[in-house]
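The values are calculated or read from the model by the stated rules, or taken from the named source; none is laboratory data. Computed from a prediction, not measured in an experiment: that's the story for all the values here. Heads up, the Cβs are rebuilt from the backbone with ideal geometry, glycines too, and the neighbour counts pull from every protein chain shown.
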Amino acid sequence: MDDLVLRTVGITKRFGGRLATDSLTFHIQRGEVFALLGPNGAGKTTTVRMLVGIIDPDEGRIEVRADGARFSSLPPPLTGYLPEDRGLYQEIPVVRSLTYFGRLRGLDAREAGRRAAAWLERMGLLDRQTERLDRLSKGNQQRVQFIAAVLHRPAVAVLDEPFSGLDPVSQEFFIDLMAEMKREGTTILLSAHQMDLVERVADRVLLLNRGREILSGSVAELHRRLDRRPRLRLTLERAEDMAVVRADADVAEAAVDGPDLCLVLRDGAQVPAVVARLVTTVQTRAIGADAPRLHDVFVRAVRDDDNKLAEPSS
Amino acid sequence: MTNVRHVWIVTQWEFHRFFKWKDQLLSLALFLLVSVVWMGAGFVAGLSSSAVTIALAGVEAPPEPHGRFRFMPAPPDPAARTRALQDRTVQAVLSRGTDGGFVLLVTKEPTYRAELSGMLDAVVRRERLEVAGVTAAALQRILEPAALDVRFENPARARVGRAEKLVAAGCVGVMLIAIFTSLSYLLIGITGEKQLRVTESVISAVSPQAWIDGKVLGISAYALVSVVNMIVGLGLIGVAAQVASGFAWPAAALRPSVVTVLLLYTVLGLLFWNAFFAAVAATVNDMYTSSRSSLMFLPVLPVVLSVVVIKDPDGLVARLLALLPITSAPALPMRLVLSDPGLVEVSASVAVLAGAVWVMRIAAGRIFQLGILLYGKEPTLNEIGRWATARHER
């Protein structure tokens, strides 16, 4: 496909009295991986559903231009869609379901069957192609669902929460798949909340909270926004030492992350000196430098937005 | 064009999703087995029905034939009668009561009671005729119905009448069975797709209208094939019965135009109700708990109302029922074979029903588009009404 333009202009959707998306304006470039991020209920799935034409916006418009034609949502033959609410026909053999979805997206039966077999082989499921879907494990059912979404080699793949419910190995597998699709020129719209995974594949991101845009830009730009203060991650032997660490003069922020304590040091703090001081004052099992993560940027942005909304208007 | 292609793909999918040769052959085999067992059971029951010996005390033997009954004079001594009952020489002792009725003395519940009562009716009737001085021949003359010889202006109409009535009744029957067959698949299929979350995957690829059209067509085709399969089974049994009994079907002729209209109504009626139930199913989360499952009995109502047509096929009510799309599927075929509604009435009725099928599929598509994505809460009737009348983008 030579041309593809996907743009939303002020799309707003309400369900009853609740605002699901509020005047969202963004565009997606051909061949990029664009990620919609946000906490649960931020409006990601509603946005995705409007883009693929399942629901219509109450206000605003969606402009899609592809192959010289204009559309008000992504046209089905060009689009592969992995919905958040996943499901295929449980009682039907895997290859039959895949062929059906391939045909619905414009393939003829023979080609759909051939591609389904190729994908199943790649996923290690070829020997199970004639089995009913409900005989497969949940992870394998997810793989079949992914095949159903991309079998017809869509120009745009819309993947709503593709990592949810997957084990780490499968998550890596899907990240590799997305990277490969991107290399082949597929435009990918990703909706997710696992920032650590998203930042590995996405080119640009749009962070939503309560249906509104609160942050957007390329991953590189967002990296530049990171808090560059020095950081440490340490594991304490005794939990009661946490107060001692927090009280250190060079520690600006301290947050518990699983078994670890993540410290943000004050600007100008000398890291070796802080480490030397901490290992003598508290018993540590491990201590090391920590890197700033985009995850923190998003958590902070969402919290700031929530706090702003919670403040009484003056 | 894409929509037509999608409708065709969905139609094929829905048909093959439920149609399985193995199941069809199995149902045919079961049907045959049940029929054979039924017939065999009747035959065996006839062979094995035990003889009943009844001692008559002051009662004349009923007129022949006696069937499985054997009548013998009862011993004069009551004690001897009791002994005969106890040692099972006889199963019952029949005597007259003081009121002119009969008394049957037994040791256990008489399973032959109805048969015996029928015989005793004949005895009593004969006695009463004798008392009244009326001979049996005279009574027969009195009860003979008035002769009414119906002669058709066009003799060919007489020949087609009976066969067409049979075909019309058959078509209404086929339509009802097909409606109920497809109804369960529509309801279970659509609510199942909602529960399994298949809907979003499909609805992003095809328009809701194409999906519902394909569903209705595919499941209707499946239901018709299943019913035809059943009819084939019945036909085989009918042929077997014909061969066994030497029964010959009366010579009959069918007018092709009438048969065409009958078949058209069967298909249109089926499509109308299936579009209706597809829309209902889209608004339901679980058929087993939803109050809307009671709507499934609705298609019987027009058939019941059509009794009016049988009584007065040219009356105003019959004409109205034959025109209204909800009732015309059973009513017009009945009018067609019982009367002569004329080309204008038939054409108008066909047009109205075909139009109603079209409107129903559009409304169903609109309800389907919104209902199919609604999980948890069932929409109210007001909401459904709004959906059906509102135009959506896709």
Query raised in the report: Can you find even one residue in the stretch A:39-56 that is away from chain B (no Cβ under 13 Å), in contact with a strand residue (DSSP E or B) (Cβ under 8 Å, 6 or more places away or on another chain), in a strand (DSSP E or B) and not acidic (Asp, Glu)?
Result: no
Requested in this report: Taking the options A:VAL256, A:VAL251, name whichever one is in contact with a Cys (Cβ under 9 Å, 6 or more places away or on another chain), free of Cβ contacts under 8 Å to residues at least 24 places away in the same chain and of a type outside the set (Gly, Ala, Ser).
Outcome: A:VAL256
Query raised in the report: Among (1) out of contact with any Ser or Thr (no Cβ under 8 Å at 6 or more places or on another chain); (2) part of a strand (DSSP E or B); (3) of a type in the set (A, V, I, L, M), which single condition is A:ALA286 missing?
Result: (1)
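Conditions (1) buried (at least 22 other Cβ atoms within 10 Å of the Cβ); (2) among the hydroxyl-bearing types (Ser, Thr, Tyr); (3) under 24 Å from B:GLU14 (Cα atoms); (4) in contact with a strand residue (DSSP E or B) (Cβ under 9 Å, 6 or more places away or on another chain), marked per residue:
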{"residue": "B:LEU270", "(1), (2), (3), (4)": "yes, no, yes, no"}
{"residue": "B:TRP273", "(1), (2), (3), (4)": "yes, no, yes, no"}
{"residue": "B:PHE277", "(1), (2), (3), (4)": "yes, no, yes, no"}
{"residue": "B:ALA281", "(1), (2), (3), (4)": "yes, no, yes, no"}
{"residue": "B:ASP286", "(1), (2), (3), (4)": "no, no, yes, no"}
{"residue": "B:SER293", "(1), (2), (3), (4)": "no, yes, yes, no"}
{"residue": "B:VAL303", "(1), (2), (3), (4)": "no, no, no, no"}
{"residue": "B:ILE310", "(1), (2), (3), (4)": "no, no, no, no"}
Report summary line: Every listed condition ((1) part of a helix (DSSP H, G or I); (2) within 14 Å of another protein chain (Cβ to nearest Cβ); (3) surrounded by fewer than 20 Cβ atoms within 10 Å (Cβ to Cβ)) holds for B:ARG197 save (1)
Report summary line: Expected single match for outside any strand (DSSP E or B), of a type in the set (Gly, Ala, Ser) and exposed (fewer than 12 other Cβ atoms within 10 Å of the Cβ) among A:ALA301, A:ALA220 is A:ALA220
Report summary line: Taking the stretch A:147-182 and keeping only residues that are polar (S, T, N, Q) and within 14 Å of another protein chain (Cβ to nearest Cβ), one is left with A:SER164
Requested in this report: Collect the residues in the stretch B:96-148 that are part of a loop (DSSP other than H, G, I, E, B) and closer than 15 Å to B:GLU60 by Cα, keeping them in residue-number order.
Outcome: B:GLY97, B:GLY100, B:GLY101
Report summary line: How many residues of the stretch B:384-394 are surrounded by 16 or more Cβ atoms within 10 Å (Cβ to Cβ) and either at pLDDT 85 or above or within 14 Å of another protein chain (Cβ to nearest Cβ) (or both)? The answer is 2
Report summary line: Of the candidates A:SER73, A:SER97, the one satisfying the condition of being without any contact (Cβ under 8 Å) to a residue 24 or more places away in the chain, crowded, with 21+ Cβ neighbours inside 10 Å, of a type in the set (S, T, N, Q) and at the interface with another protein chain (Cβ under 10 Å from one of its Cβ atoms) is A:SER73
Query raised in the report: Of the residues that sit in the stretch A:109-146 and are within 12 Å of chain B (Cβ to nearest Cβ) and under 22 Å from A:SER191 (Cβ atoms), which one is surrounded by the fewest Cβ atoms within 10 Å (Cβ to Cβ)?
Result: A:GLN141
Report task. Keeping to the stretch A:67-104, report how many residues are of a type in the set (Gly, Ala, Ser), touching a Leu at 6+ places or on another chain (Cβ under 9 Å), within 22 Å of A:THR45 (Cα to Cα) and not in a strand (DSSP E or B). Result -> 2
Query raised in the report: Quick one: which of A:VAL279, A:VAL256, A:VAL245, A:VAL274 is over 31 Å from the mean Cα position of the chain (by Cα), aliphatic (A, V, I, L, M) and surrounded by fewer than 16 Cβ atoms within 10 Å (Cβ to Cβ)?
Result: A:VAL279
